Every structure is written in structure tokens, then in C-alpha cells.
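Here is the structure we will look at.
Throughout, read-outs are computed from the coordinates displayed, never taken from laboratory work. What you see is a predicted model, and the numbers here were worked out from it, not measured in a lab. Cβ: placed from backbone, ideal geometry, glycine included. Neighbour counts: every protein chain shown.
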Amino acid sequence: MADELKDMVLNYVTKEYLEDDSEPLTYDTPLISGGIVDSFSMVSLKRFLENKYAISIPDEEATPEAFDSVNKIVALVQRFAAKKA
Amino acid sequence: MGYSDKIRGTYQAQLKGIQDAGLFKQERFIHSPQAADIEVEFPAGAPLKKVINMCANNYLGLSSHPEVIKAAHEGLETRGYGMSSVRFICGTQDIHRELEQKMTAFLGTEDTLLFPSCMDANAGVFEAILTKDDVIISDRLVHASLVDGIRLCSAMHDTIKHSDMEHLEEKLQLHADKRFKLVVTDGVFSMDGDTAKLDEMVRICEKYDAMVLVDDSHSSGFIGKTGRGTHEKCGVVGKIDVITTTFGKALGGASGGCVSGRRELVEMCRQRARPYLFSNTIAPVVVSGVLKVMDIISKSTERRDKLERNAAYWRKGLTEAGFVLKEGDTPIVPVMLFNAKLAQDVSQSLYDEGIYAIGFFFPVVPQSQARIRTQISAGHEIHHLEQALAAFTKVGKKFDILGKTKQEIIAKYGM
Ligand SMILES: Cc1ncc(COP(=O)(O)O)c(C=O)c1O
């Protein structure tokens, strides 16, 4: 699931947050600390992932640090998906 | 000593960082009343200089209007200077309620509540009407005061790309399970001067049972045929659930703001909004001035009509001169320079030519979106605009940016 998930998150973040003329993202581009995404806007990504993988990420885990790159987001989702299984 | 060298040094280093990044803001002291022609001391200690003001929110030219000043004097005589109380203890005069009723009629809403400022209106309204079971969906370019108000509220917060109505619809679907949904936008966006698509927004929000809040600070008094605001321009008067606006710009320019809209929502603010409950409201002298402003603009559209003509003239002139502008049809006309230092240098050169127009850069606008925001007023005469245009053209030539595209300007001056 990892690669598929990685690309899905990357595509989602690109479509949701980037302007048309922005530099393309990598899996490690700092999103929140890099000023690409403000921490508010992470809400929709969180809800999207929760719906898609039928998981629930508690607010105290959904920190700006945990959402700061595609790789970190993927790790977070995998952790909760594993918990569920 | 509590304020140790270590503490002081930390702040000094931080301030130096702001300075080194070219992001340091400095005030210019104006020695005259607010108007198209002003006298300015800049830098501090320099002799006074007569300049044309191209960056005030004095859209209707009422900030120093003789009738408004006279009404304020009369208010001072009949209602005194201060109230020494918040509204609900003993700080409400008859004229406060009179102004609320006038605003309700003017905006075509159900009720209105005054606040010390629109910043305070925006700080108080969300927490007063929403809970953690609700969601707020805001445009990504809304004013900082809305962002702060949203932060103070326990509702979930999501954002949409600027004026992207498809994105809004997706978000309303994503958050369909929430108790209430509130969509938040500026009417006219203060930094870009474009207008929200309120007609489409209202249509979508009706479909998904969502409420709409519009901050019409840069619209009230002059946008729309009779100046009611963006809801008039977009044909949705009576359909905006909450309008917040300011008396600190077109409507006399002194200070104060309000929340206007659905009766129950306004009443919730009267019961719960903290800046209303815990801070003195607008001073009687200012209320008296605003009442006169509302009389003037309710009787005649002469001023907003002149403003519209002036703004069209200005936009056309800058376009023909070869500047990169943000598109729009409001009196906010941003001249895009992209680089923060360039924006400040152009501003300084304009000042040398007798034109007062400020550079805006991060964090007031996004990185590499630095600009000079020009703002047109009904207080400008054509000779002001001609003189300003000549100065802009001269400075544009000096920096070699006329007829250049965004990419060319960035290539020359950096992001
Ligand atoms: C869109 C918007 N809302 C609110 C405000 C704040 O208005 P006030 O000066 O009344 O606090 C401003 C002023 O900068 C503004 O541009």
C-alpha cells in the first residue's frame, strides 16, 4: 500500500494546495514549516484520509509536525491503519 | 531586572532579522487631515512635504468632509466625549441604537450590532455563533482579522483556493456531517481588489444548507449601484447571513465596525461576543459622524459614481503605461512588483515625486507577491490622477519595468 498511498497523498496535496505555477513537490518537501500549506488547511487532508482508510487520527496526533511532508503523513496513516488491523 | 540582557538581545536580533530581510515597516507622520492632498514628515524629522495620497481607504472622500466634521462637533456637544463603560452596563446611547438601525436598513439585513472595530467584530462573531460541532470554510485570502476570529472559535476550520467555487462545493460535501457550515469570504479582497463571487456562493450554499459570512469592509458605501456592498453588486441582498464591515474606511474613516445579518445571529453576538461585552464601543463623537455619513450616502450616489469613474480612469492609465496590475474593477488597484525590496524602492521614488503609495510585502501578502497597492478616492480630482500617473510612469521607466511581464520583472529583481 505504501507507494500507492504516497502518490495519492502527493497528488492530493498538489491539487489541494499548490498554485499552478509552483515548484513540484517531492515526498520530503516541508509543507507546513516550508510555508506551502498553512496548518488550518490540513483539516481537509486529515478528513480525506480518515474517510478513505476508515481510520480516526486524534487531534493530538494530527500535529503540524506529523503533517509536514508527504512521507510523514504516509507514516502517520500507516501507523493508524496498522492499529486498526 | 526582569527584562534581562538575554531577553533584550533576543528581540534585538529578531528585529534586525526583519530589517535585513527588507521587511521592516516604518510609519510616516501626516500633519494634515486625511485627504487627497496631505502634508507628510518622512523620514522622522524631515521637513514637511506636500504629496498626493494614493493609499488611503478614504474611498468616498468623507474622512474630512465638512458636514461630517460638523456633525461630530454637534455629537460632542450633545452626547459628550466618552462613555466610561461597555455597552451592556451603561455604555449605550440612543445614537448607538440609531446607527445600528440605519445600518440594518442600508445593508438590507435583519439587525446590526456595533463593535469597537471590524477587527473586533471578526474576532467576536465566530465564537458567538458556532461550536465544535460546526465547520468554517474560508477563502485562503481572507483578511487577517477573520483568520484570528476563526482561530478563537472551536469549530473545525477548512479553507478553499481563492474564489474557487468548485473547491467550495467539494468542501461542503466533505464536511456534510457537521451540524452547521459557515462559508467565509471578503466581499472585496483587500490586497487584490477583486470581488467575491457571491451569487454563485449563495447558490451553492443554499444547496448544501450552509450559511455565508462576508466581510465587506472594502465595499460598504460604494460597491453596487447604490453602494450597499458586494451583495448588491452580485444581486444577493437579503441572502447573506452575516455581514461584517468597518466605519474606518469609506464610511468616514474614523473607527468602529459592526456585525449585521440574521436577527438571531446578531442577538447571539450581543449575548456572547467578547469584544462587544468586554470593550467600550464606538465613541459618541464618532457615532455622530457616521450617522451623517449614512445620511449623505443614502441621499445620493454622486460620490460612489465619481469613485467608479476615477477608478476606471486610473486602471486604464496604469495599464496603458505598461504596469502589471491585478485584475478587477474596484478602487483597489495593485501594481505588481513581486520583489519586496523593489516595492519599497519604487515607493520611495514615488514619494520623491510627490506621490504617497506604500509597498506591501510578506507577511501582509504572500512571498514574491510584493506590490504597491493604490487606492482611488472620490476625493481625487482628475488632476491628482494625472499627476500620479506621470510620476508612476517616470518611476516605472527608471526601474525599467514598463511593458515587462511578471517573469521579466522577477528575472531582473528576483522573487
Ligand atoms: C477586510 C478587512 N476587515 C477588517 C478590517 C479591520 O477593520 P477595523 O480597522 O475596523 O478594525 C480591515 C482593515 O484593515 C479589512 O481590510
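Descriptive notes on the structure:
- Length gained on full extension, B:R272 to B:E206: 21.1 nm, using 0.36 nm per residue less the C-alpha separation.
- The stretch between B:E264 and B:K341 holds 22.9 nm of extra length on full extension. This uses 0.36 nm per residue minus the Cα-Cα distance.
- Summed over qualifying helices (DSSP H, 4 residues or more, each -39500 (n - 2.57)) and divided by its residue number, chain B shows a 222 nm mean residue ellipticity of -13000 deg cm²/dmol.
- Note on B:I382 and B:M415: their simple-model spin labels are 4.5 nm apart, each label 7 Å out from Cα toward Cβ.
- Under the Debye formula (equal points on every Cα, no solvent term), log10 I(q)/I(0) of chain A at q = 0.16, 0.26, 0.27 Å⁻¹: -0.56, -1.52, -1.64
- Averaging 1/r over each pair of different alpha-carbon atoms in the protein assembly as shown and inverting the result gives 24.6 Å, the Kirkwood hydrodynamic radius.
- Rh by Kirkwood over Cα pairs, then Stokes-Einstein D for chain B at 1.002 mPa s and 20 °C, µm²/s: 95 µm²/s
- In range of the label at A:Q78: residues from the range A:30-47 whose backbone nitrogen is under 19 Å from the point 7 Å along Cα→Cβ: A:30-31, A:46
- When the chymotrypsin sites (Phe, Trp or Tyr not before Pro) in the range B:189-281 are filtered for DSSP coil states and for at most 16 other beta-carbon atoms within 10 Å of their beta-carbon, the remaining sites are B:Y208, B:F278.
- Förster radius 41 Å - calculated FRET efficiency between A:T14 and B:L15 (Cβ-Cβ, nearest 0.05): 0.65
- Using a cut-off of 30 Å between Cα atoms, the listed pairs A:K46/B:K404; B:K16/B:K171; B:K25/B:K49; A:K15/B:K207; B:K161/B:K404; A:K84/B:K132 include A:K46/B:K404; B:K16/B:K171 as exceeding that distance.
- Dividing the radius of gyration of the alpha carbons in the range B:66-299 by their Kirkwood radius gives 0.97 for Rg/Rh.
- Cα→Cβ-extended label distance, 7 Å offset, between A:E65 and B:C90, nm: 5.4 nm
- The translational diffusion coefficient of the range B:115-254, from Stokes-Einstein at 25 °C and 0.890 mPa s with a Kirkwood hydrodynamic radius over alpha carbon pairs, comes to 165 µm²/s.
- Full-extension gain in nm, B:R28 to B:L48, via 0.36 nm per residue minus C-alpha separation: 6.1 nm
- For the range B:245-333: rounded, prolate or oblate by the Cα gyration tensor [a/c cutoff 1.5]: prolate
- Of the trypsin sites (Lys or Arg not before Pro) found in the range B:67-152, those in coil by DSSP whose Cβ has at most 16 other Cβ atoms within 10 Å are B:K132.
- Quick note on the range B:31-106: its Rg to Rh ratio, both from C-alpha atoms and Rh being the Kirkwood radius, is 1.11.
- Distance (nanometres) between label positions extended 7 Å along Cα→Cβ at B:Q101 and B:E302: 2.8 nm
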